[in-house]
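Written below as structure tokens is the structure these notes are about.
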């Protein structure tokens, strides 16, 4: 196993609850090195992080490891079976109720 692949496995195993389910695969092609990561579905939130911040940080560190070995390294995180899938358009927008709101308690504040 190469240094970049070992680095990803060590890092991800340290942040998930099911480290035995962490699997990586390393592929070399004309664009560089691609490391694919598979984790337990319950651990996806730990790997992705809030707004993708953890995944972005892992990728940044991996690029540094790759640069040290004169290689362009990318990380692909495989979504587990039965994953969330694409977000429906309705879930991305906020909807408000069309019912009237009682403002009688603040109408006489003079604001």
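Points worth noting:
- The residue of the stretch 63-111 that is farthest from residue 33 (Cα to Cα), among those that are assigned to a helix (DSSP H, G or I) and modelled with pLDDT under 70, is 90.
- For the stretch 11-49, the set of residues classified as without any contact (Cβ under 8 Å) to a residue 24 or more places away in the chain and under 16 Å from residue 79 (Cα atoms) consists of 21, 22, 23, 24, 25, 45, 49, listed by residue number.
- Residue satisfying all of: in the stretch 14-40; surrounded by 15 or more Cβ atoms within 10 Å (Cβ to Cβ) and part of a helix (DSSP H, G or I); nearest to the chain's Cα centre (by Cα) among these: 15
- Number of positions in the stretch 42-60 that are surrounded by 15 or more Cβ atoms within 10 Å (Cβ to Cβ) and more than 10 Å from the chain's Cα centre (by Cα): 2
The values are calculated or read from the model by the stated rules, or taken from the named source; none is laboratory data. A quick note: this is a predicted structure, and the numbers were derived from the prediction, not measured. Neighbour counts are summed over all protein chains in view; Cβ atoms, including those assigned to glycine, are modelled from backbone coordinates with ideal geometry.
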